[in-house]
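Readers should treat all values here as calculations from the given coordinates under stated rules, not as data from a laboratory. Just so it is clear, the structure is predicted and the values come from calculations on it, not from any experiment. All Cβ positions, even for glycine, are placed from backbone atoms using ideal geometry, and neighbour counts span all protein chains on display.
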Amino acid sequence: MTSAESLTQPAGQADHAGAVRVRGARRTFTAELAPVRALRGVDLDVHPGEFVAVMGPSGCGKSTLLNVIAGLDRLDEGEIAVAGRRIDGQDENWLARFRRHHIGIVFQFFNLLDGVTAQENIVLPGVLGGMRRKVAESRARELLDLLGLGDRTGQVPAVLSGGQRQRLAIARALVNSPTLLLADEPTGALDSDGGIEILELFRRLHDGGQTIIMVTHSPEVAAGADRQVTMRDGQVASDTAIG
């Protein structure tokens, strides 16, 4: 098994009619001056194994789109299916269980647990996802080794570099072998070298068959995907395959 294959979901888990299906997604937020229409009827299909970069100016709705796909935010209107299951309209407990098994999320500012070790940052979501602790510990060590953090197992996130913390956050997102990996500006808090390092890791994951949707401001980062979806004013302005 190659490193890229080791980082992806078990064989057969990605065999769905579509990894993501969004239809007529609308989301409006209440603001002091006027309502903000973050999503205005978005349609999007992402197939298993695709690497899609979502781009656009600040306020265009790209992070809102990621959040509704993750079930972290609610639609006002529309439908969303992930791994063949409708998630719009489900309650919070159902969504939390579904995310544990099907959706891994990587945030711009890592969102790691500062008071526990690198290994425990990965083990805890594994245990919450239903793994026995010994299995979760073995999976954590595997991921740390594959992501170049094998010598950082017992260290807390505060002593790691930005690139190392983001790799740890990616390992945490992968512990339950998610169908879908979502990344919101994963290189935004890093220097150029750290950004290149993380982009190379996403390419490895993609080569191994992982489905990825990544929000980014950077054309250089987006060029590592095989599709670029550009949003403007809460709508999809273009959807382009990259050679």
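Odds and ends about this structure:
- Degrees between helix 162-174 axis and first principal axis of the chain (Cα, 0 to 90, nearest 10): 80 degrees
- Ranking of Asp193, Asp45 by count of other Cβ atoms within 10 Å, fewest first: Asp193, Asp45
- Note on the chain: antiparallel DSSP beta bridges, both residues inside, total approximately 55 percent of the bridges counted.
- Between helix 192-207 and the chain there is an angle of about 90 degrees, using the helix long axis and the longest principal axis of the Cα atoms.
- In summary, the chain shows an alpha-carbon radius of gyration equal to 0.98 times the 2.2 N^0.38 Å reference for compact globular proteins.
- Average projection area in nm² (convex hull over Cα atoms of the range 171-222, one quarter of hull surface): 3.5 nm²
- Amide H partners (placed H, <5 Å) of Gly18, local residues excluded: Gly84
- Cα-based shape type of the range 95-190, given that a ≥ b ≥ c are square roots of the gyration tensor eigenvalues and the cut on a/c is 1.5: oblate
- Ordering of 79-86, 27-34 by packing [mean C-beta count within 10 Å, highest first]: 79-86, 27-34
- Selection from Gln228, Leu180, Gly194 lying farthest towards where the dipole of the range 142-243 points positive, charges on Cβ: Leu180
- Shown here are the Rg and Dmax of the Cα trace of the range 42-89, at 11.2, 30 Å.
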